[in-house]
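Provided herewith is a single structure, encoded as structure tokens, for subsequent inquiry.
The values are calculated or read from the model by the stated rules, or taken from the named source; none is laboratory data. What you are looking at is a predicted structure, and each value in this text was computed from that prediction instead of being measured. Ideal geometry is used to build each Cβ from the backbone, glycine not excepted, and the neighbour counts take in all protein chains shown. SASA here: full protein model, heavy atoms, side chains in, ligands and nucleic acids out. Shrake-Rupley method; radii C 1.70, N 1.55, O 1.52, S 1.80 Å.
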Amino acid sequence: EDQVTQSPEALRLQEGESSSLNCSYTVSGLRGLFWYRQDPGKGPEFLFTLYSAGEEKEKERLKATLTKKESFLHITAPKPEDSATYLCAVQADNQGGKLIFGQGTELSVKP
Amino acid sequence: DSGVTQTPKHLITATGQRVTLRCSPRSGDLSVYWYQQSLDQGLQFLIQYYNGEERAKGNILERFSAQQFPDLHSELNLSSLELGDSALYFCASSVTGFPSTDTQYFGPGTRLTVL
């Protein structure tokens, strides 16, 4: 069964303290892995798409990487405005456009 | 602002009732997706429409149905509502959806509360 597991469930950082979020996945055929950011009560906001192992993408303080079994979202020198829930999702073969989401990592960055 | 609009923002209703949620995709997008987000289940895919036709189906209950109209807006109908249907319902849209791996852009959601 296709599955996405994110860890940790929650992460508290001090401003400027870099860290990584993990997304482990099991899918029959990976077509793409997506990272989204979600603020409370809002819709998920797209961050990155990764397609193949070894791929990396960066945006401001965020960098996403992909291996054959997991993806990491690295946050460098985070600021309080980076506080949000970060969601990982995969798209698998033969399932149309369906995204399978993990439970998310709730990030809190204190000044 | 993703460009995807959803109405209403909030909906409060009673068990056994029926409601309709509406979604307008981004300009130019042909695929619409519906997701349900509850505290215990996370974001769960319900259904996808592409240019008016059903393209993919998730664990959508038989009490729920959806359609996409010729102007590409979509409606999600929820009937015989139960307390457990209380959740955030999100619509997303993408340019095509399959077989390409388009980015899905999410709307602001409709919060449904069933009393």
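State yes or no: is residue A:57 outside any strand (DSSP E or B), of a type in the set (Lys, Arg) and farther than 19 Å from residue A:109 by Cβ? Can you show your working first?
Working: outside any strand (DSSP E or B): no; of a type in the set (Lys, Arg): yes; farther than 19 Å from residue A:109 by Cβ: yes.
Answer is no for this residue.
May I ask you to list the residues in segment A:89-98 that are touching a residue at least 60 places away in the same chain (Cβ under 8 Å) and assigned to a loop (DSSP other than H, G, I, E, B)?
Within segment A:89-98, A:93, A:94, A:95 qualify.
Could I ask something else about it? With the requirement that a residue be on the phi > 0 side of the Ramachandran plot and either in a strand (DSSP E or B) or among the basic types (Lys, Arg) (or both), what does segment B:23-75 give you? Talk me through it step by step, then tell me what you get.
Initial filter on segment B:23-75 (on the phi > 0 side of the Ramachandran plot): B:28, B:42, B:51-52, B:72.
Hit for segment B:23-75 is B:42, nothing else.
Only residues that are assigned to a strand (DSSP E or B) and within 14 Å of chain B (Cβ to nearest Cβ): list them for segment A:99-111, please. Before you say what the answer is, go through the steps one by one.
Of segment A:99-111, the ones assigned to a strand (DSSP E or B) are A:100-101, A:105-110.
Selection gives A:100, A:101, A:105, A:106.
Out of everything in segment B:5-31 that is free of Cβ contacts under 8 Å to residues at least 60 places away in the same chain and open to solvent by 40 Å² or more (accessible area, probe 1.4 Å), what residue ends up being farthest from residue B:111 (Cα to Cα)?
The initial filter retains those residues of segment B:5-31 that are free of Cβ contacts under 8 Å to residues at least 60 places away in the same chain, namely B:20, B:22, B:24, B:27.
Adding the requirement that they be open to solvent by 40 Å² or more (accessible area, probe 1.4 Å) leaves B:20, B:22, B:27.
On the way: B:20: 12, B:22: 12, B:27: 24 Å.
Top of the filtered list is B:27.
Here is a further query. Filtering segment A:82-98 down to residues that are under 11 Å from the mean Cα position of the chain (by Cα) and within 11 Å of another protein chain (Cβ to nearest Cβ), which residue is surrounded by the fewest Cβ atoms within 10 Å (Cβ to Cβ)? Don't jump to the end; show me each part of the working.
Going residue by residue through segment A:82-98, those that are under 11 Å from the mean Cα position of the chain (by Cα) are A:85-90.
Now narrow it down to the ones that are within 11 Å of another protein chain (Cβ to nearest Cβ): A:85, A:87-90.
On the way: A:85: 19, A:87: 25, A:88: 30, A:89: 22, A:90: 24.
For segment A:82-98, the residue satisfying everything is A:85.
Output the residues belonging to segment A:27-41 that are at pLDDT 95 or above and open to solvent by 30 Å² or more (accessible area, probe 1.4 Å).
A:37, A:39
Right, here's the next one. Among the residues of segment A:64-81, is there at least one that is surrounded by 18 or more Cβ atoms within 10 Å (Cβ to Cβ), under 17 Å from residue B:94 (Cα atoms), at pLDDT 95 or above and within 14 Å of chain B (Cβ to nearest Cβ)?
No, segment A:64-81 contains no residue that is surrounded by 18 or more Cβ atoms within 10 Å (Cβ to Cβ), under 17 Å from residue B:94 (Cα atoms), at pLDDT 95 or above and within 14 Å of chain B (Cβ to nearest Cβ).
Also: Collect the residues in segment B:70-115 that are open to solvent by 40 Å² or more (accessible area, probe 1.4 Å), within 10 Å of chain A (Cβ to nearest Cβ) and modelled with pLDDT of 95 or more, keeping them in residue-number order.
B:105, B:108, B:111
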